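I have placed the structure first, in the form of structure tokens, so that the comments after it can refer back to it.
The values are calculated or read from the model by the stated rules, or taken from the named source; none is laboratory data. Predicted model only: the values in this text are computed from it and were never measured. No Cβ is skipped: glycine too gets one built from the backbone with ideal geometry, and neighbour counts run over all protein chains shown.
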Amino acid sequence: MNQITKNQLFCLILLYEIGSTTLFLLGDSAKQDSWIVIFLAMWIGFILLWVYTEITKHFPEDHLAEVINILFGKWIAKPLIFLYAGYLFYDACLNFFEFGEIMRITSLMKTPPFIIGGVFIVTVIYMLLIGQQVVPRTAEMLLPAFLFFLLTSLVLSVISQHFDITQLQPILGNGMAPILKALPKVTIFPFGEIVVFLFLWKFVDEKKSIRFTSFLAFSLAGIIIILSQITIISVLGTGLAANSMVPLLEVILSINLGDIIMNLDVFLIAILFIGGLFKMIINFYGAVLALSYLSNVKKQKFMIILVGICVIGYSFFHLKTLPHQREITEDATALWPWVMGIYQIIPIYILVIIVLNKKTTNT
Amino acid sequence: MKRVGCILCSLFLLTGCWDKQEIKKIGFVLAIGIDKGPKSGEILVTAQVVDPEVAQGEGSIEKSSVKLVRNKGKTVFQAIRKMLQEFDRKNHYAHNKVIVISEDLAKEGLLPILDSLKRGGEVRGYVWLCIAKGAKAREVLGVKPEGIETVQANYLKGIIENQKFNHSSANLTILDFYKKVLGTGIYPVASSLQIIQKNNYPVEENSETKTEYIKLSGGAAFRKDQLVGYLNETETHGYNWIVGKVKSGIIVLPSLIEKGKSASIEIIKSSVKIKPVLKENKIYFTIDIHEKAVIVEEQGRGQLKTSKERFQYFKKMEKENEKLVRKEVIQAVNKAKKLRSDFLGFGSALNKKYPTKWNETKKEWDAQLSDIQVIVKVDVTIRGAREMKGSFKAQ
């Protein structure tokens, strides 16, 4: 991924941030106010993004693992980097697994998961193996298609008969409490996941444009996420939206314009696959970078294949089925609620150390 | 060359043969009817499968374009699968248009019945949901289409969609049903389909003397997901006014020009606002209806000579119209009180404006419904009388 251009960075961030949010009703515990949750989470995301880009300003040529190593020394750095590698690996597994399973639920009931997953992972490994430029360029190429499918389905849902914006009322009906309660979760997913770009920003050719481009893509992604959530709630109502496995599918299937434009499930599949691919490939590559740094493996190709095999193994032998995976995640968050946010918070700590270091060396 | 080879191989290898569905092996279900089975706890599902060859042949007279396949089971899905023991094609539900449910089943609650259809994801949100009033669902699906459409489900769908010309009936999609049942403060009103009989005339070249028709009339009101009663046409007028579903319709008023004659007014546009008012911890609702209409028929013989007279006449008609709409709305409100079902959405309006008050009262809302005060304001504008200036008088 050497030499990512400004445009490519924009596409990558946009695809990554929207990525799998289309699968869920974010902040569903806040019901019709979930879009407010997302809006607030986006602002917290801005703060995080500022912190992360600030780190990149101080270390433009290093990725997160290298920064951690420089600042903390070998003994603290190794477990920390390992933690990040694990986080990114787990995230990649989740993306990989969920997209495969949703595929199965929505359209390919009888196809063995191994085939769907296999095709998916082979594509990912292949894209990473054949050259540094492939992923960013594909992002540049597929983003228009992705946005076309997503925005068209949103627009069609709005003009379709089922759109009823009053489903969003009452605004703040239950006060701020449910919103604040749902806020941490939404901040971490999807907005906090931007932390993975700490591994990628070093490859951007124009270092100066990183912050501006990132903020631009990030806010655009936030706006699109909010719009799609508003559409989902307006079309389905909170009851059905919270109960659907894939709310957006339900929304897309309810589109019927004059008995001509209908049955657009293929749109969802396109959205799912493009978004899921990039979400996964970026997490995957982050994990590869962290692990190869950790293990001093010079040949990245070897690491890519190894991680790829691990992703398949972990998904099929540990996560097994979607309800099982959801249960694992829920158990984990109940057991260590702090663990989900720690990856977002550590960089803040890193920035503090950087600033303190600068001060002491200056004086 | 190698690349081309790879691409060609992928074409064959990545097609997803596991989930292939051959169009020649599936039967397209266009309507589903669900009844109670003969034994208690059993469900009888009727699927109307279109016969593509006959339907395509522009309505062959000898052969029907649809087949009714039915079977019973403990669950809907069991019944659907059991059909395949007697029917040669695997049924495909994604093109379904109408779901008809018999009234005795609807009285016990629809959520358990619709569950498998919704869960399967094959039944789309825009499918129409109807209740067979005073008949079995399979009988409704069994009535020969007496419209232009040869496929019976399309005939049903056409009738249901004609609601937009007619405010005497209600219609409801599956998605709306779920939205209202799972949402707060409003219950659904579904279409009610009746079977009626009419005499035939020789020109229709029918061997029977009577023909059965389907009639969409009134509405079927729910409490939660259970059918609690039917609305007659006047009450349905009121319902449609309150929920803002009047798109068009004819209002018949007594003619002001000649006694004993009538005049028709066509509704062009209507809008409504329900506003809850909270005063000293008491709630009342104002229903504010705006209607735009034209006079399309005046039977009264007489002449309105000046523009001023004509204008006065319009004003008077507006007043009469307002009175009638108010009466219809009040009737619908009374029906809601009687059925203890808030199908008019007062609770939902309250929730949108005063969420805290709603959270306090929502538990006893259905019981308290009879105490609700409603103030109805109707504002009618008659825009004109089509292409004639006044009424006619024989000289």
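Within the bounds of the range A:340-361, is there any residue that is part of a loop (DSSP other than H, G, I, E, B) and closer than 28 Å to A:Leu48 by Cβ? No, the range A:340-361 contains no residue that is part of a loop (DSSP other than H, G, I, E, B) and closer than 28 Å to A:Leu48 by Cβ.
Scanning the range B:1-27 for residues that are in a loop (DSSP other than H, G, I, E, B) and either modelled with pLDDT of 85 or more or under 36 Å from the mean Cα position of the chain (by Cα) (or both) gives B:Lys20, B:Gln21, B:Glu22.
Yes/no matrix, rows are residues, columns are (1) free of Cβ contacts under 8 Å to residues at least 12 places away in the same chain; (2) more than 13 Å from the chain's Cα centre (by Cα):
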{"position": "B:Arg124", "(1), (2)": "no, yes"}
{"position": "B:Trp128", "(1), (2)": "no, no"}
{"position": "B:Glu139", "(1), (2)": "no, yes"}
{"position": "B:Gly147", "(1), (2)": "no, yes"}
{"position": "B:Val181", "(1), (2)": "no, yes"}
{"position": "B:Ile195", "(1), (2)": "no, yes"}
{"position": "B:Asn206", "(1), (2)": "yes, yes"}
{"position": "B:Thr211", "(1), (2)": "no, yes"}
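Checked against (1) under 16 Å from B:Gly185 (Cβ atoms); (2) at pLDDT below 85, B:Leu350 meets all criteria but (2).
Within 27 Å of the chain's Cα centre (by Cα), within 14 Å of chain A (Cβ to nearest Cβ) and in contact (Cβ under 8 Å) with a residue 12 or more places away in the chain: does that describe B:Asn351? In short, yes. For the criterion of being away from chain B (no Cβ under 14 Å) and surrounded by 22 or more Cβ atoms within 10 Å (Cβ to Cβ), A:Leu272 passes.
For the condition crowded, with 19+ Cβ neighbours inside 10 Å, under 25 Å from the mean Cα position of the chain (by Cα) and touching a residue at least 12 places away in the same chain (Cβ under 8 Å), A:Gly286 qualifies.
This table checks each residue for (1) more than 19 Å from the chain's Cα centre (by Cα); (2) under 24 Å from B:Pro145 (Cα atoms); (3) of a type in the set (Phe, Trp, Tyr).
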residue	(1), (2), (3)
B:Lys198	yes, yes, no
B:Ala220	no, yes, no
B:Val246	no, no, no
B:Asn281	yes, no, no
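Taking the listed residues A:Leu272, A:Leu268, A:Leu289, the one that is assigned to a helix (DSSP H, G or I) and at pLDDT 90 or above is A:Leu289, with no other qualifying.
All of A:Ser209, A:Ser234 fail the test of being more than 14 Å from every other protein chain (Cβ to nearest Cβ), in a helix (DSSP H, G or I) and either out of contact with any strand residue (DSSP E or B) (no Cβ under 9 Å at 6 or more places or on another chain) or surrounded by 24 or more Cβ atoms within 10 Å (Cβ to Cβ) (or both), apart from A:Ser209. Within the range A:137-158, the presence of at least one residue that is over 24 Å from the mean Cα position of the chain (by Cα), assigned to a helix (DSSP H, G or I) and away from every other protein chain (no Cβ under 11 Å) is confirmed. Here the condition is being acidic (Asp, Glu) and more than 14 Å from chain B (Cβ to nearest Cβ); of A:Asp91, A:Asp33, it holds for A:Asp91 alone.
Restricting to the range A:110-136, name every residue that is more than 19 Å from A:Ile271 (Cα to Cα) and within 13 Å of another protein chain (Cβ to nearest Cβ). Of everything in the range A:110-136, those that are more than 19 Å from A:Ile271 (Cα to Cα) and within 13 Å of another protein chain (Cβ to nearest Cβ) turn out to be A:Lys110, A:Thr111, A:Pro112, A:Pro113, A:Phe114, A:Ile115, A:Gly118, A:Val122, A:Tyr126, A:Ile130.
With respect to (1) surrounded by fewer than 19 Cβ atoms within 10 Å (Cβ to Cβ); (2) more than 14 Å from chain A (Cβ to nearest Cβ), the lone exception for B:Ala132 is condition (1).
Taken together, A:Leu240, A:Leu257 contain a single residue that is crowded, with 20+ Cβ neighbours inside 10 Å, closer than 30 Å to B:Tyr126 by Cα and within 14 Å of another protein chain (Cβ to nearest Cβ), which is A:Leu240.
This table checks each residue for (1) touching a Phe, Trp or Tyr at 6+ places or on another chain (Cβ under 9 Å); (2) of a type in the set (Lys, Arg); (3) farther than 30 Å from B:Ala263 by Cβ.
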position: B:Val296; (1), (2), (3): no, no, no
position: B:Met317; (1), (2), (3): no, no, no
position: B:Glu322; (1), (2), (3): no, no, no
position: B:Asn334; (1), (2), (3): no, no, no
position: B:Arg340; (1), (2), (3): no, yes, yes
position: B:Gly345; (1), (2), (3): yes, no, yes
position: B:Trp358; (1), (2), (3): yes, no, yes
position: B:Lys363; (1), (2), (3): no, yes, yes
position: B:Ser370; (1), (2), (3): no, no, yes
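Whether any residue in the range A:213-225 is at pLDDT 90 or above, assigned to a helix (DSSP H, G or I) and within 14 Å of another protein chain (Cβ to nearest Cβ) is what I want to check. No: the range A:213-225 contains no residue that is at pLDDT 90 or above, assigned to a helix (DSSP H, G or I) and within 14 Å of another protein chain (Cβ to nearest Cβ).
Looking only at the range A:159-181, how many residues end up being more than 8 Å from chain B (Cβ to nearest Cβ) and in a helix (DSSP H, G or I)? Counting residues in the range A:159-181 that are more than 8 Å from chain B (Cβ to nearest Cβ) and in a helix (DSSP H, G or I) gives 8. As a summary of the residue check, A:Lys298 satisfies the conditions (1) at pLDDT below 85; (2) within 12 Å of another protein chain (Cβ to nearest Cβ) except for the one numbered (2). Per this entry, B:Glu309 is not counted among residues that are away from chain A (no Cβ under 14 Å) and surrounded by 15 or more Cβ atoms within 10 Å (Cβ to Cβ). Is at least one residue of the range B:260-271 free of Cβ contacts under 8 Å to residues at least 40 places away in the same chain and either buried (at least 21 other Cβ atoms within 10 Å of the Cβ) or within 14 Å of another protein chain (Cβ to nearest Cβ) (or both)? Yes, some residue in the range B:260-271 is free of Cβ contacts under 8 Å to residues at least 40 places away in the same chain and either buried (at least 21 other Cβ atoms within 10 Å of the Cβ) or within 14 Å of another protein chain (Cβ to nearest Cβ) (or both).
Taking the criterion of being within 13 Å of another protein chain (Cβ to nearest Cβ) and assigned to a strand (DSSP E or B), the only residue of the range B:91-102 that qualifies is B:His92. If the condition is being within 14 Å of chain A (Cβ to nearest Cβ), among the hydrophobic types (A, V, I, L, M, F, W, C) and assigned to a helix (DSSP H, G or I), then the range B:161-215 contributes B:Ile174, B:Leu175, B:Phe177, B:Val181, B:Leu182.
Do we find a residue being hydrophobic (A, V, I, L, M, F, W, C), modelled with pLDDT of 90 or more and either touching a Gly at 6+ places or on another chain (Cβ under 7 Å) or more than 27 Å from A:Val251 (Cα to Cα) (or both) anywhere in the range A:17-30? Scanning the range A:17-30 turns up at least one residue that is hydrophobic (A, V, I, L, M, F, W, C), modelled with pLDDT of 90 or more and either touching a Gly at 6+ places or on another chain (Cβ under 7 Å) or more than 27 Å from A:Val251 (Cα to Cα) (or both). For the range B:120-148, taking the residues that are in a helix (DSSP H, G or I) and modelled with pLDDT of 85 or more, the one that is nearest to A:Asn256 (Cα to Cα) is identified as B:Leu141.
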